[in-house]
Every structure is written in C-alpha cells, then in structure tokens.
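All remarks here apply to the structure that follows.
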Amino acid sequence: MKPTLPPLTHVWKECITVGAAYELLREDLQQQLRFLQKTIGYRYIRFHATFHDNLGIVMENEDGSVRYCWALFDKVYDFLLEVGLRPIVELNPMPKALASGDTTKFYFEMNVTPPKSMQAWEDLCAACVEHCLERYGQNEVLQWHFEVWNEPNLKPFWIGTMEEYFELYAASARGVKRVDPRLSIGGPALAGGINPDLNPTWMLAFLEYCKENTVPVDFISYHNYAQGEYCFFPSRIGSPHEPGMCFVNEFRDTKRYLEEAGYGDIPIYITEWNAQHCGDDGRAQWIGNNDSSRLLGGATVLFFTTESEPYVDMFGYWTASDIRFEPGITNQPYGGRHQHTGLLTINGVPKPLYHAFKWLSRMQGPRYELTFKAKPTLARALVTDEIIGTHLLAWNMHVPDLPENPYPTEVWQETVSLPLPDRFEEGDPVELVISTLKEREGSAYESWQDMEEPYSLTRMQHEFMESSAQPGFERRLVQVRNGAVRVELHLDRDEVMFVQALRGPTKTVAVSDAFSANVNKALDYSDQNRQ
C-alpha cells in the first residue's frame with residue numbers, strides 16, 4: 001500500500017515563543033529552551049521587549065541626545081544562536097528616553113506610547129540592525145525577521161491611533177532597510193486576523209497604507225486564540241462556527257480575504273496562539289486558565305495545528321515555558337492567579353502540550369489516508385510512512401463542557417488497520433511501541449490536584465510530578481496481515497496515542513561458534529595470568 005497524502009509541513013516548528021527578552025537571561029529558562037531544542041527543535045523564537053529599559057539599550061545624555069549599550073542584548077542573542085534559535089526581533093517597547101508618555105503595561109512596566117520623534121525611533125531600529133550585522137554577520141542576520149510592535153489594535157499594548165502605528169511601522173521599515181534592503185520586516189502583529197466580527201479593518205488598512213506609501217512588507221503577522229470566540233459568543237451561544245472550528249476558520253477566512261484583496265503572495269506568520277479555550281463560566285479567561293496545563297492541551301494543539309496548517313506559513317506557539325514576568329513572579333506549578341501557557345512548568349515539568357508536539361515532530365513521512373467507522377467529531381488520526389516502519393498519532397479532542405451549551409465527548413473505540421511500507425511481507429513480525437497521554441500518565445496536573453494544589457513543591461513532590469508527567473508505554477509483538485497490522489484505539493476525552501510500528505525480532509540470537517571460541521581464548525588468557 002502506497003501513501004496517498006503529502007507530508008505535513010510542520011509550520012509550527014518554524015517558531016516558539018517566550019515572554020520577554022529579559023527573561024532569556026535566566027539560567028532556568030535557558031535550560032528549558034536547550035531541552036526543547038534537543039527533543040523537538042524549533043527554527044525561530046519570538047518574544048516581547050527587545051527595547052525595554054531593563055536591557056539598558058538606550059541611554060540619554062545630558063544634552064538630550066542618546067547613546068546605545070548592547071551588553072545585555074548581546075547576552076540574550078548570543079544564547080539564542082548558541083542553541084540554534086534565530087530571532088523574530090519584535091521592535092518594541094518604547095524606551096523611556098524616546099517615549100512621548102509614561103503609560104506602561106504589565107508587571108515589568110512596558111512603555112506603550114508612540115515615540116516623541118519618529119526619526120529617533122528610525123535611528124534606533126537602524127542602530128540595532130547595524131549592531132547585529134557587525135556581531136553576527138550578514139549571512140546570519142539576513143535569515144532573521146523584524147516584526148513591528150505587538151497587538152497595536154489593543155489599547156493596553158499601544159495607546160496611539162491606528163494611523164500613528166502605520167507611521168511607526170514606516171519609520172521602522174526605513175530604519176531596517178536603510179542598513180540592508182534585503183532584511184525581512186513585517187507586521188502589524190494584530191490581535192486577530194481579518195474577521196468581520198473581531199477585526200474588520202486593521203489589516204487591510206495597514207496593507208493599503210503600505211502600498212500607497214511604498215512601504216515594504218515582507219510578511220503579515222497576527223495572533224489568534226480560541227478564546228476569541230468566547231469573547232463574542234459566551235458559552236458559544238449564537239456562534240456560527242461548529243465546535244472547535246472558530247479558531248481554524250479565522251485562518252482560512254483571513255487567507256481568502258488577503259487573496260481576494262490582491263495580497264495572496266505575502267507570507268502569513270502567526271506569532272502567537274495557544275490551547276486555551278474559556279473559563280468555567282463560558283467566557284474568555286486569560287488569568288488562571290489551566291487549559292494549557294491539563295490533558296485538554298495536548299489534544300487541542302494537535303487538532304488546531306493540523307487543521308490550521310494549510311492556511312499559514314509560520315505558527316508560533318505562545319509559550320515555551322511558564323517562566324514569564326508578564327503576569328508576575330510565582331513558584332506555583334499551576335494555579336488560578338497566573339497565566340500558565342508553557343509547554344513546561346516553571347519547574348521544567350513537561351505538560352501534555354510538550355508530548356503532543358514532540359510526537360507530532362516525529363510524523364515526517366508521506367501520509368496514508370485512513371477511514372474510520374465511529375470517529376467522534378473532533379477526533380483525528382495521522383499515519384506516516386517512515387520508510388523503516390509506520391507512525392500513528394491519534395487524539396480525541398473535546399471543547400469545554402458548559403452548563404448553557406454542553407458538548408459531551410464520546411469515547412473513541414475501534415480497531416484500525418495500520419498500513420505498513422511495501423518492504424514488509426505477509427507474516428513478518430512487527431513490534432508496536434504504544435505511548436499514551438492520560439490523566440496522571442503524561443499529565444501531571446491531576447497529580448498536583450491530588451496533592452491539594454501546593455503552592456511550592458518539595459523535592460519529593462517535584463519528583464512525583466515528574467513521574468506523573470511521563471506517558472504510559474506498552475510493547476506488543478504482532479504479525480503483518482494483508483500489508484497492515486491491527487491497532488486498537490481506545491481514547492477517552494482528550495487522550496492521545498502515539499504508535500511506532502517497526503520490524504520485530506524474528507528469533508532469539510544465538511552465540512556463534514567463532515564468538516564462543518574467542519570467549520574461551522580470553523578466559524584461558526585470564527587463567528594463565530592468575531597462575
């Protein structure tokens with residue numbers, strides 16, 4: 001049986017994110033990124049606050065002029081390149097020396113005002129690029145991306161007008177391109193794409209401004225969260241979208257709108273998204289939302305990633321780690337007061353998110369198309385031909401159960417024929433290694449609940465959490481029948497299964513006569529020395 005579908009594009013591996021530049025100076029976050037690079041491997045990383053005063057880049061002289069200091073900037077970017085991560089340089093926030101006001105956002109006081117001089121901002125962008133070229137070389141920096149600001153269509157992140165953002169973008173592009181016109185710059189890093197309900201004007205207005213004023217745009221970036229649906233349709237009541245599909249439909253519709261407007265050739269970079277749905281009341285909940293930490297998170301990222309892949313060129317998950325200053329400092333692995341969006345907890349314990357992405361990264365080959373008898377609505381499965389065997393990845397996602405609008409999840413139970421490459425013959429032995437994500441097996445959140453949700457973990461509690469974060473494993477030996485092997489699927493809500501099928505052992509390995517003779521000679525030599 002030959003594969004019938006092309007390989008996955010894995011656009012999600014193009015980008016991972018962390019909260020802010022200053023956090024990348026932390027040893028624990030660096031260790032976590034090294035771990036993710038070793039086990040998954042991302043290409044780019046995006047984060048806020050490159051120009052924040054806590055990196056000390058822009059200094060004001062007594063005469064009102066400015067000077068630049070790149071010492072901490074270099075420590076951040078040196079580390080990223082060391083671990084194989086190229087930056088998406090987010091050009092923000094406004095340094096105090098350049099700011100037109102003192103409005104700040106978040107625990108770490110990120111200035112969100114326009115510059116008092118667009119020329120000074122342009123010069124800063126140019127100086128940043130010049131420094132990077134000098135330190136890292138032209139060949140390296142030409143592979144980076146520069147993104148202007150973060151979610152300027154939301155007042156907490158930009159207090160200027162839409163038109164003032166367009167001017168800021170134009171000044172940024174002038175600064176970057178005057179150093180080297182080949183460098184990649186884009187935006188507008190919106191909260192939401194082109195959605196008539198959520199964001200009807202910003203993106204097309206931005207593109208029209210750039211077209212009319214000959215301002216370069218090398219990529220379009222925006223953000224999308226499943227919670228957006230619950231902002232406009234609490235408990236999803238009145239939503240025109242099928243369960244789980246509002247998030248995906250925004251990518252589809254934005255791509256179509258851009259193509260119809262004549263912008264279909266510009267790459268689309270999603271530089272933020274994650275697995276959060278809503279709170280218990282059916283409304284968007286940004287603080288204390290544990291969807292990304294629970295079993296739900298693993299199935300959600302698999303569903304959203306594979307369904308959205310055709311519509312985007314980069315899919316940057318927010319975030320790699322729970323080590324983030326934005327919501328404040330905490331030592332609690334999960335909890336109700338903070339944003340816990342990472343693949344790893346603050347203590348480095350893997351979440352179902354992590355295992356889901358790790359397994360998805362192993363789905364490399366062309367795909368087989370499978371048919372199912374009784375698959376639940378949001379359940380999915382992928383099968384890839386890995387040359388020496390086959391991989392199966394299956395999940396049974398649900399949307400949150402809400403009192404006003406319940407969505408019961410069926411158990412997915414059936415036996416499927418897992419096709420094998422043509423090199424397998426009838427009757428050949430096959431080894432199946434089956435790994436599963438379940439509550440307390442690959443999902444430590446429930447174990448934390450069992451301990452009555454401690455704020456700080458003892459060493460033994462941390463080790464217990466680490467053991468709970470390991471998936472379940474099972475090994476079976478089966479035989480090829482009609483070019484396939486039979487695999488039983490039994491997935492309750494949000495459970496995930498990863499199966500590797502390889503050629504199995506044929507018989508017990510016997511020690512050869514030659515090997516036995518060599519062993520006997522060695523024993524004789526040893527006896528002689530002892531005598």
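Data overview
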{"quantity": "Hey, residue 107 assigned by TED's automatic domain parsing to the domain that holds residue 321, modelled with pLDDT of 95 or more and either surrounded by fewer than 16 Cβ atoms within 10 Å (Cβ to Cβ) or of a type in the set (Ser, Thr, Tyr) (or both) or not", "calculated": "no"}
{"quantity": "Residue in the stretch 355-365 that is touching a residue at least 24 places away in the same chain (Cβ under 8 Å) and over 23 Å from residue 442 (Cβ atoms) present", "calculated": "yes"}
{"quantity": "Residues located in the stretch 466-493, provided they are of a type in the set (A, V, I, L, M, F, W, C) and either under 28 Å from residue 400 (Cβ atoms) or surrounded by 15 or more Cβ atoms within 10 Å (Cβ to Cβ) (or both)", "calculated": "469, 478, 480, 484, 485, 487, 489, 491"}
{"quantity": "Single residue of the stretch 110-134 satisfying the filter (closer than 20 Å to residue 69 by Cβ, charged (D, E, K, R) and in contact (Cβ under 8 Å) with a residue 12 or more places away in the chain) that is surrounded by the fewest Cβ atoms within 10 Å (Cβ to Cβ)", "calculated": "130"}
{"quantity": "Hits in the stretch 143-166 - residues which are more than 23 Å from the chain's Cα centre (by Cα) and surrounded by fewer than 19 Cβ atoms within 10 Å (Cβ to Cβ)", "calculated": "155, 156, 159, 161, 162, 163, 164"}
{"quantity": "Near pairs, Cβ below 6 angstrom, 6+ apart or cross-chain, from the stretch 166-190 (farther than 24 Å from residue 316 by Cβ) to any residue that is surrounded by fewer than 24 Cβ atoms within 10 Å (Cβ to Cβ) and basic (Lys, Arg)", "calculated": "none"}
{"quantity": "Matching residues in the stretch 40-79 - criterion: being without any contact (Cβ under 8 Å) to a residue 60 or more places away in the chain and among the acidic types (Asp, Glu)", "calculated": "53, 60, 62, 63, 78"}
{"quantity": "Conditions (1) more than 13 Å from the chain's Cα centre (by Cα); (2) within 20 Å of residue 393 (Cα to Cα); number of the one not met by residue 325", "calculated": "(2)"}
{"quantity": "Residues that are surrounded by 13 or more Cβ atoms within 10 Å (Cβ to Cβ) and not in a strand (DSSP E or B), drawn from the stretch 93-104", "calculated": "93, 94, 95, 96, 97, 98, 100, 101, 103"}
{"quantity": "The stretch 366-417 - residue that is within 30 Å of residue 227 (Cβ to Cβ) and free of Cβ contacts under 8 Å to residues at least 12 places away in the same chain and, of those, surrounded by the fewest Cβ atoms within 10 Å (Cβ to Cβ)", "calculated": "408"}
{"quantity": "Enumerated strands (runs of 3 or more DSSP E) restricted to the stretch 15-92, each holding at least 3 residues that are among the aliphatic types (A, V, I, L, M)", "calculated": "15-20, 86-91"}
{"quantity": "From 381, 374, 394, residue being hydrophobic (A, V, I, L, M, F, W, C) and over 14 Å from residue 500 (Cα atoms)", "calculated": "374"}
{"quantity": "Residue among 393, 457 that alone is over 18 Å from residue 291 (Cα atoms), out of contact with any strand residue (DSSP E or B) (no Cβ under 9 Å at 6 or more places or on another chain) and hydrophobic (A, V, I, L, M, F, W, C)", "calculated": "457"}
{"quantity": "Meets criteria (part of a loop (DSSP other than H, G, I, E, B), farther than 23 Å from residue 437 by Cα and among the polar types (S, T, N, Q)) for residue 285", "calculated": "yes"}
{"quantity": "Enumeration of residues in the stretch 219-240 that are assigned to a loop (DSSP other than H, G, I, E, B) and in contact with a Pro (Cβ under 7 Å, 6 or more places away or on another chain)", "calculated": "none"}
{"quantity": "Test for residue 226: is it at pLDDT below 95, surrounded by 20 or more Cβ atoms within 10 Å (Cβ to Cβ) and in the same structural domain as residue 192 (by TED's automatic domain parsing)", "calculated": "yes"}
{"quantity": "Which listed residue, of 75, 13, 38, is of a type in the set (Lys, Arg), crowded, with 16+ Cβ neighbours inside 10 Å and modelled with pLDDT of 95 or more", "calculated": "13"}
{"quantity": "Inter-residue pairs, beta-carbon under 9 Å, first part of a loop (DSSP other than H, G, I, E, B) and in the stretch 241-259, second of a type in the set (Asp, Glu), 6+ apart", "calculated": "241/229; 244/307; 245/307"}
{"quantity": "Selected residue (only one of 387, 346 is within 14 Å of residue 419 (Cβ to Cβ), in a loop (DSSP other than H, G, I, E, B) and either at pLDDT 95 or above or of a type outside the set (Ser, Thr, Tyr) (or both))", "calculated": "387"}
{"quantity": "Test for residue 398: is it in the same structural domain as residue 322 (by TED's automatic domain parsing) and not polar (S, T, N, Q)", "calculated": "no"}
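The values are calculated or read from the model by the stated rules, or taken from the named source; none is laboratory data. Being a predicted model, the structure only gives us computed values, none of them experimental. All Cβ positions, glycine included, derive from the backbone under ideal geometry; neighbour counts span all protein chains shown.
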